[in-house]
1. Among DSSP bridges having both ends in the stretch 5-229, what percentage is antiparallel? Round to the nearest 5.
2. Cut-off is 10 Å between beta-carbons; in what order do 113, 222, 152 appear when sorted fewest neighbours first?
3. Arrange 170, 32 by Cβ neighbour counts within 10 Å, fewest through most, would you?
4. Based only on other Cβ atoms within 10 Å, what is the fewest-to-most ordering of 165, 237?
5. Consider all pairwise Cα distances in the stretch 1-100 and report the whole-number % of them above 24 Å.
């Protein structure tokens, strides 16, 4: 079965003009793509590639020069669609003299939520974004990371079907970024559709089902993360640690099949995983500290990492 498309973009073009109507910048050029219900979709590209312009066109904040957009079967300029959409802009424009509860209550009123519903949702979202300790502090006292958290809560106050996130983890520390990634995956599990832009490619790789790469306003690449990252020119084998004699035997077997062992090494974790494991382990064992020349191996539960070896050879990567 074909997946249901909740966002349809056809031949979308946006040209910015100067005061005299002369062409100044072409931000998008004949962009066409679909976003499916229940997926996390990533928009990638360097600065000026058209990502933010695309989001603003989808939200109806800008008007296209050419092309068509349909969101949940409605045109982008149909304001009725907005009740089903949540939006976190790259810079959160919130009222600095309101606190977290007042902020969410204000946006809940804009969506016509009842008093009891506003209170229930606000309480749940404040806890969800881990601001329970600062719910009555004015936003002017918030750090940038805390402001991003309340901005994310604001984007979810109407329980939207589609959430647009522009640089959602900007200003957050590694723990905060992990919390946001977990939240995005939770939204996906609830059947919601998430469209996000980020310059942190590791985030996109961790949470997105499909990605589109834009350059100079044109779609250059579109596909699932697994498809796009898989290298067909190599095969990767992973085993528990093996002695040198066994490695030589593997080399001999590969040679008989016309392949060559390119290297043997231990697999690496990401720096983010190492950082979070170290923080978790340190909290659990306050007296543990670094000993010069000895880095204690850790896993997600703070235990010793199981030795392993990775062998790469020419062929296809699996």
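What follows is calculated from the coordinates using simple rules that are stated; it is not laboratory data. Values in this document were obtained by computation on a predicted structure and should not be read as measured data. With ideal geometry, Cβ positions are generated from the backbone for all residues, glycine too; neighbour counts draw on all protein chains shown.
1. 60 percent
2. Least crowded to most crowded, the residues run 222, 113, 152.
3. 32, 170
4. With the sparsest Cβ surroundings first, the list reads 237, 165.
5. Tail fraction, whole percent: 30.
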